[in-house]
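Have a look at the structure below before the remarks.
The values are calculated or read from the model by the stated rules, or taken from the named source; none is laboratory data. Keep in mind it's a predicted model, so treat the numbers as computed, not measured. Every residue, glycine as well, gets a Cβ built from its backbone with ideal geometry; the counts of neighbours run over all protein chains shown.
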Amino acid sequence: MSWKDAKTEAISWLEKLSLPADLKGREIDLEEITKELPHTGRFREMVARAIARQLKARGAKIN
């Protein structure tokens with residue numbers, strides 16, 4: 001799988017979580033929100049990193 005696929009999955013996952021677009025200053029536990037990701041192995045790691053990047057872009061602080 002590619003990084004583009006991981007980014008697409010990350011965006012889809014975040015939409016399912018219904019988080020607001022502006023997360024400035026909000027602390028988010030990455031492990032907590034990714035614990036139910038259906039993927040495994042390397043691709044799961046790629047999706048989790050993409051989720052973290054998307055959250056940081058929205059202003060969140062990642063724990």
Practice problem: Filter the range 18-49 down to residues that are of a type in the set (S, T, N, Q) and either over 20 Å from N63 (Cα atoms) or in contact (Cβ under 8 Å) with a residue 60 or more places away in the chain (or both), then give me how many there are. | Solution: 1
Practice problem: Give the range 29-55 a look and list any residue that's at pLDDT below 95, of a type in the set (V, I, T) and surrounded by 14 or more Cβ atoms within 10 Å (Cβ to Cβ), or say none. | Solution: I33, T34
Quiz item: Which of the residues belonging to the range 1-22 are within 19 Å of F43 (Cα to Cα) and among the small types (G, A, S)?
Solution: S2, A6, A10, S12
Quiz item: Take the residues of the range 1-25 that are surrounded by 10 or more Cβ atoms within 10 Å (Cβ to Cβ) and in contact with a Lys or Arg (Cβ under 7 Å, 6 or more places away or on another chain): which is nearest to A52 (Cα to Cα)?
Solution: L23
Quiz prompt | Close pairs from the range 1-17: first β-branched (V, I, T), partner surrounded by 11 or more Cβ atoms within 10 Å (Cβ to Cβ), Cβ under 7 Å, at least 6 apart | solution = I11/Q54
